[in-house]
Amino acid sequence: QVQLAEPGGGLVQAGGSLRLSCAASGTTSSIHAIAWYHQAPGKHRALVAAISSVGRIKYVDSVEGRFTISRDNAKNTVYLQMNNLSPDDTGVYYCNVGDMGTQSYYAQDYWGKGTLVTVSS
């Protein structure tokens, strides 16, 4: 079993920055990849970025160049640095444990409770 905790959300003005963290606990040796998902108000949850245990990274086009995902394996923590935020980035951000191929990320059924990010215009 893996547990995920996501502190770090909050309110920020458009153009600002925020860093989210996802701390994993439990059977962390089984974790291959961790991803961040974004659920905007009234919309489905969607992949934002993912990173594997060997450092392979995937971003969706809408955040490429603005968001940076990184991980500290010693702390079992994955970070999402979000820069140049826009109101479209508002929503709940969830971290997820999964698997990562060369092109795709495959979510497993381990989710954090989510953290709310609000970007004001």
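The values are calculated or read from the model by the stated rules, or taken from the named source; none is laboratory data. This is a predicted model, so every value here is computed, not measured. All Cβ positions, glycine included, derive from the backbone under ideal geometry; neighbour counts span all protein chains shown. Keep in mind that these areas ignore ligands, DNA and RNA; they rest on the heavy atoms of the full protein, side chains included. Shrake-Rupley method; radii C 1.70, N 1.55, O 1.52, S 1.80 Å.
Listing for the model above:
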| quantity | calculated |
| --- | --- |
| Residue match in segment 99-112 (condition: buried (at least 21 other Cβ atoms within 10 Å of the Cβ) and modelled with pLDDT of 95 or more) | no |
| Residue list for segment 5-22, restricted to those being under 22 Å from Tyr105 (Cβ atoms) and open to solvent by 40 Å² or more (accessible area, probe 1.4 Å) | Ala5, Arg19 |
| Leading residue by the ranking (most open to solvent (accessible area, probe 1.4 Å)) among those in segment 32-69 that are β-branched (Val, Ile, Thr) and not in a strand (DSSP E or B) | Val54 |
| Enumeration of residues in segment 70-85 that are open to solvent by 40 Å² or more (accessible area, probe 1.4 Å), out of contact with any helix residue (DSSP H, G or I) (no Cβ under 9 Å at 6 or more places or on another chain) and either part of a loop (DSSP other than H, G, I, E, B) or within 20 Å of His44 (Cα to Cα) (or both) | Asn83, Asn84 |
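One line per residue, one yes/no per condition, for (1) within 21 Å of Gln1 (Cβ to Cβ); (2) among the polar types (S, T, N, Q); (3) touching a Gly at 6+ places or on another chain (Cβ under 6 Å):
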| residue | (1), (2), (3) |
| --- | --- |
| Leu11 | no, no, no |
| Gly16 | no, no, no |
| Ser21 | yes, yes, yes |
| Thr28 | yes, yes, no |
| Lys58 | no, no, no |
| Asp61 | no, no, no |
| Gln81 | no, yes, no |
| Val97 | yes, no, no |
| Ala107 | yes, no, yes |
